[in-house]
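Below is one structure; the comments refer to it alone.
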Amino acid sequence: MEVGIDGIELWAGKLRLDLPGTFAPANGEDPEKYTKGLGLQASSLPDSYEDIVTMGANAAHRLLERKGVSLDEIGRIDVATESAFDRSKPVSTYVAGCLESAHEGSLTTANKGERKFACMAGTQALDDAVNWIRAGRNRGRAALVIATDTALYARDDPGEATQGAGAVAMLVAEDPGLVALGPEQGIGSVDETDFLKPNQQFPSVDGKRSMQVYLARMREALVDFARAGGTTHPDEFALVPFHTPFPAMVQKAAPLGYRHAIRDTEYEEQLADEIGRQPRPEGFESEEAYLSAVKEYTEALTDTDQYGRWYDRTVEPTLAISRQVGNWYTASVHVTRVAGLLEARDAGRELAGAGLLVASYGSGAQAEIHAETVQPGWTDELDGLRIREQLADRREISFEEYERIHDAHNHEESTDIAPLTEPDGEFVFDGWGRMGEREYAFIE
């Protein structure tokens, strides 16, 4: 059976921080550090009444309403996050409580869980939902997969400029309306300590090491995907959504993927006169010499018109939203899928039946490669999305307001800050319960 994403919805934090115009001057830095160095224009940040539950519940609420799906038709809710605030009670139960307060029906018989593997968890939760349906345990019901995070760093941390906050909700079902997932899967996974939160709110990050690990795990996953029977030929894929901590990271990863995809194909032959054939290990006396040749070939490949055309068609469109919102951790790769499809629709590209090669990653570290097939009704599903309108409606904040809102979301601070925006038709954080739990309300 065909199983995949039947509907999708995004919810961004309500505040916008202009990185070159506001953040850079306040820190005495060159704006191009952000626009060219990181590939970012702005960050989406949560107002004082927003958190991972409100963003996830609001994305899910909007999705269920738009799709006309009742709570009784949902048999599973999985929330992927690395911003959880409870070590026992899963975020999915909070989200379910929100939804039951605003929708008819019940989620009493829906299985609920929480997934954690850094930014990889959103794709793992999607895989779990697809496998649950393929196993026949869904009893005709759909699954709700939510990836939600506040990707905040300590002040003056090198990662601070890549911050973001938002959620993606996905309705996973048989005969999906957006994309169907293929059975092949490639994994690259090694015990790493490039990014972690050992009993702390803000992450500890080895930035240089994290970039190296990202590239290494992606390469392993791509090789494993081919070993599992998946095709990697560049003609097979209209879009290649990557996990995007910041767009410049994808610009480093994409040529490595393309080099693998064209190996032993007509595209490698077409480039032979221009930059030669790809180095093969057997042609070198040492691994060091081989790796040096591969690096030289990859740099030359990046400068070719052939690569540029592929990148502009398959990768660049997927970065359109990420440039405006920053990193959403578990939701990141799912943001790039949506961005790529929206850009393709606007360009008049007919993608029904076309392939997506989705490259997910989570520090710690694991990468996954899988393929998806765009469904015939894909543009109808995209027509209901309001993410561009929501991004345009965000409130622009000053650097001083940013400092206060950052403290409002710092668990070590006890800052009481008035909201900078007015909630409207959404779930909000509404204070603390008798056991110290977070409580929520729906504002009409």
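FYI, it's all coordinate maths here, none of it is from the lab. In this text the structure is predicted, and so the values were computed from the model without any measurement. Cβ placement follows ideal geometry from the backbone for every residue including glycine, while neighbour counts extend to all protein chains displayed.
Here are the numbers:
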read-out: Single residue of segment 276-301 satisfying the filter (surrounded by fewer than 17 Cβ atoms within 10 Å (Cβ to Cβ) and of a type in the set (S, T, N, Q)) that is farthest from ALA347 (Cα to Cα); value: SER286
read-out: Restricting segment 9-35 to residues that are in contact with a Phe, Trp or Tyr (Cβ under 9 Å, 6 or more places away or on another chain) and among the polar types (S, T, N, Q), the residue that is surrounded by the most Cβ atoms within 10 Å (Cβ to Cβ); value: THR22
read-out: The one condition in (1) surrounded by fewer than 20 Cβ atoms within 10 Å (Cβ to Cβ); (2) assigned to a strand (DSSP E or B); (3) touching a Lys or Arg at 6+ places or on another chain (Cβ under 7 Å) that GLU184 fails to fulfil; value: (3)
read-out: Filter result (among the acidic types (Asp, Glu) and in a helix (DSSP H, G or I)) within segment 279-297; value: GLU282, GLU287, GLU288, GLU296
read-out: Segment 211-246, residues that are surrounded by fewer than 22 Cβ atoms within 10 Å (Cβ to Cβ), part of a helix (DSSP H, G or I) and either of a type in the set (D, E, K, R) or in contact with a helix residue (DSSP H, G or I) (Cβ under 9 Å, 6 or more places away or on another chain) (or both); value: MET211, LEU215, ARG219, GLU220, VAL223, ASP224, ALA226, ARG227, PRO234, ASP235, GLU236
read-out: Qualifying helices (runs of 4 or more DSSP H) (wholly inside segment 298-401; at least 3 residues being in contact (Cβ under 8 Å) with a residue 24 or more places away in the chain and among the small types (Gly, Ala, Ser)); value: 332-346
read-out: In segment 402-444, the residues that are surrounded by 12 or more Cβ atoms within 10 Å (Cβ to Cβ), free of Cβ contacts under 8 Å to residues at least 12 places away in the same chain and among the hydroxyl-bearing types (Ser, Thr, Tyr); value: THR415
read-out: Pairs with Cβ under 6 Å, 6+ apart, first in segment 3-30 and touching a residue at least 40 places away in the same chain (Cβ under 8 Å) and over 20 Å from GLU396 (Cα atoms), second of a type in the set (Lys, Arg) and surrounded by fewer than 24 Cβ atoms within 10 Å (Cβ to Cβ); value: VAL3/ARG134; GLY7/LYS67; GLU9/ARG62
read-out: ASP6 surrounded by 18 or more Cβ atoms within 10 Å (Cβ to Cβ) and touching a Gly at 6+ places or on another chain (Cβ under 6 Å); value: yes
read-out: Subset of segment 190-208 [farther than 20 Å from HIS406 by Cα, surrounded by 15 or more Cβ atoms within 10 Å (Cβ to Cβ) and touching a helix residue (DSSP H, G or I) at 6+ places or on another chain (Cβ under 7 Å)]; value: GLU192, ASP194, PHE195
read-out: Answer from ARG155, ARG209, ARG217 - the residue that is farther than 22 Å from VAL69 by Cβ and in contact with an Asp or Glu (Cβ under 6 Å, 6 or more places away or on another chain); value: ARG209
read-out: Flag if ALA125 is under 15 Å from ILE5 (Cα atoms), crowded, with 21+ Cβ neighbours inside 10 Å and not basic (Lys, Arg); value: yes
read-out: Failed item, numbered, when ASP194 is tested on (1) touching a residue at least 60 places away in the same chain (Cβ under 8 Å); (2) under 25 Å from LEU319 (Cβ atoms); (3) of a type outside the set (Lys, Arg); (4) out of contact with any Lys or Arg (no Cβ under 8 Å at 6 or more places or on another chain); value: (4)
read-out: Strands (runs of 3 or more DSSP E) completely within segment 1-95 that count 1 or more residues being more than 19 Å from the chain's Cα centre (by Cα); value: 3-12, 15-18, 74-80
